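We did not get these values from a lab; they are worked out from the coordinates using the rules stated. None of these values were measured; they are calculated from a predicted model. No Cβ is skipped: glycine too gets one built from the backbone with ideal geometry, and neighbour counts run over all protein chains shown.
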Amino acid sequence: MHTVFLASILVLAAAARPAAQDAYGAKGFFPVYDVDGRWLIYDKTAQAGGSQALRRGESFLLVGSDGAGLFSVERSSAAYGGVCRRKKSARLRAAVLGGPRSAVGDPILALKVPEGFSLKNSRATYEALPNAVGEPAYQALGTALNAATVAEAMSGAFGFKVDDAGAAAFLADPKPEKIGLKIDYAAAVKVAGLAAPMVLVTGAQISNSFRRCLRLADGPNLVGDCAEMTSDLMAETALLRFVSYDPGGKGSPLLLAYTKDAPLWGHERWAFALRASGPRLLLRDAMDPRCRESF
C-alpha cells in the first residue's frame, strides 16, 4: 500500500502547472512546525478552519530532517503564530501530532495517508542535501541561467517592480551582462530520466527587481521552468536546509526545505516535486509569530 498510494499522490502533484502552488492542504500535503514542544499542523484550509483531514485519529506520513515515520492526530488545540489578520496574530485550530519523533528529527512535511497505511516493505529513500555550490556550478550553468532569465523577462514571467524605471531599458536591450546572477544553493539529486541532475536556488537581479528560483539542471542544461521562491517568506536561502525523500525509491523525489534555527520573522516550509520535466512547487508556508505586517 505504501508505494502504490504515495506514487499515485505524487503523480497528481507533479502533473499540474510547473511553478504555482495548489491551495493549502491540497493532495494532503501539510507543513508541520515544532511549537513549544508540540508538533502542529495549523488549519489554514478556511478562515474558520475545520479540515476533515485534521480530525483526531487521522494518520500522516511525516517527513523530517532525519527520516520519516507514521504519526496521528492526538487532539486539536488553539494556537497562535500560524497567520496574521489585521496586523495581529490570529487564533487558529491546530492538529497536535504524535508519533516516533526520534526517527524523524525536525518535522517538515506531513502527507495524509489512509487508515491501515503501513511502512512495511517500504522502498523509500531519504537523503540530506548539504549545500555544494561553488565555482564549477557557475561555470557549467551561468550561460544557461542568464539566457533563461532573459527569456523570462521578455515573456513577463520575471516580475519587474511597478516602479522599476530600468525595466523598459532592459526589455529594449536585454543583454545578459545586465543581469546580476547568484547561485545560493546547489546539490546533486537523483531524478529518473536525467543523467546528471542538480537542484539549484538562484537569484537574478535586473535593475531594481529581483527573482529567486528553485531550478533543476541536467549537466549544463536547465530542465523545466523556474519554481519561484518568492521573497515574502523572509528567510534567506542560507537559513534553509534541504532534504530529498523518494517514497518509491525510483527517482521521483520530493525536495523539502526548512528552517532549523529561528529566523527573524518565523519558520518556513517548502516542498517541490522533482521530475525529468522540471521542478514543481507543492507547498510554501511560514509561521509569522511577530506579525511582520505591523512593522
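In debye to the nearest 20, how big a dipole does the chain give about its Cα centre with +1 on each Lys and Arg Cβ and -1 on each Asp and Glu Cβ? Don't skip to the end; give the middle numbers.
Numbers: 34 positive and 28 negative charges, 176 e Å.
Charge dipole of the chain: 840 debye, to the nearest 20.
If you fit an axis through the alpha-carbon atoms of helix 135-155 and take the longest principal axis of the Cα set of the chain, what angle between them do you get, 0 to 90°, nearest 10?
Taking the Cα atoms of the chain, the angle to 135-155 is about 80 degrees.
So what's Rg/Rh here for segment 166-228, counting alpha carbon atoms and using the Kirkwood radius for Rh?
Numbers: Rg = 13.7 Å, Rh = 12.9 Å.
Answer for segment 166-228: 1.06.
If you project the alpha carbons of segment 233-295 onto the principal axes, what extent comes out on each, in Å, largest first?
Result, largest extent first: 45, 20, 17 Å.
Would you mind checking 44/120; 182/260; 175/260; 178/260; 88/178 for any pair whose Cα atoms are more than 30 angstrom apart?
Working: 44/120 32 Å; 182/260 23 Å; 175/260 39 Å; 178/260 35 Å; 88/178 41 Å.
Violating the 30 Å Cα-Cα cut-off are 44/120; 175/260; 178/260; 88/178.
At q = 0.13, 0.18, 0.20 Å⁻¹, what base-10 log of I(q)/I(0) does the Debye formula yield for segment 64-155 when every alpha carbon is treated as an equal point scatterer in vacuo?
Relative scattering, expressed as log10 I(q)/I(0), comes to -0.81, -0.92, -0.99.
Quick one: 3J(HN,Hα) in Hz for segment 85-95, Karplus 6.51/-1.76/1.60 with θ = phi - 60°, rounded, Gly and Pro as x.
Those phi angles translate into 9, 6, 6, 10, 5, 8, 7, 10, 6, 9, 8 Hz.
Need the C-alpha centroid separation for segment 92-154 versus segment 187-239, integer Å.
For segment 92-154 versus segment 187-239, the Cα centre distance is 13 Å.
To test your reading of the geometry: what angle, between 0 and 90 degrees and rounded to tens, separates the Cα axis of helix 2-15 from the longest principal axis of the chain?
Once rounded, one gets 40 degrees.
Among the GluC sites (Glu not before Pro) within segment 142-240, which fall in a DSSP loop and have no more than 14 other Cβ atoms within 10 Å of their own Cβ?
Values: sites: 152, 177, 228, 236; in loops: 236.
Passing both the DSSP loop test and the Cβ count: 236.
Return 72, 102 ranked ascending by Cβ neighbour count within 10 Å, so the fewest neighbours appear first.
On the way: 72 16, 102 8.
Ascending Cβ contact count within 10 Å gives the list 102, 72.
Assuming R0 = 25 Å, can you tell me the calculated FRET efficiency for the pair residue 87 and residue 56, based on Cβ-Cβ distance, to the nearest 0.05? Provide the component values of the computation, followed by the final result.
On the way: r = 33 Å, r/R0 = 1.30.
Given R0 = 25 Å and the Cβ-Cβ separation, E is 0.15.
Rounded to whole Å and sorted largest first, list the principal axis extents of the Cα atoms in segment 197-240.
Taking the Cα atoms of segment 197-240, the three principal extents are 29, 26, 14 Å.
With a cut-off of 8 Å between alpha carbons and a minimum separation of six or more residues, what is the relative contact order of segment 97-211 in percent? Spell out each step's value before the answer.
Details: 100 pairs, mean separation 28.5, N = 115.
After rounding, I find 25 percent.
Pick out, from 142, 50, 129, the residue whose Cα sits farthest towards the positive end of the charge dipole of the chain, with +1 on the Cβ of Lys and Arg and -1 on the Cβ of Asp and Glu.
Projecting each Cα onto the dipole axis, the largest value belongs to 50.
Could you check the simple spin-label distance between residue 236 and residue 102, using points 7 Å along Cα→Cβ, in nm with one decimal?
That separation, rounded to one decimal, is 3.7 nm.
If a/c stays under 1.5 just call it rounded; otherwise compare a/b with b/c (prolate if a/b is bigger, oblate if not). Do that for the chain, with a ≥ b ≥ c from the square roots of the Cα gyration tensor eigenvalues.
oblate
How would segment 135-294 be classified by its alpha-carbon gyration tensor: rounded, prolate or oblate, with rounded meaning a/c under 1.5 and the a/b versus b/c comparison settling the rest? Intermediate results must be reported in sequence, preceding the final value.
Working: a/c = 2.07, a/b = 1.11, b/c = 1.86.
Here segment 135-294 falls in the oblate category.
Over the Cα atoms of segment 27-92, how large are the radius of gyration and the largest Cα-Cα distance (Dmax), in Å?
Expressed in Å, the Cα Rg and Dmax of segment 27-92 come to 12.5, 38.
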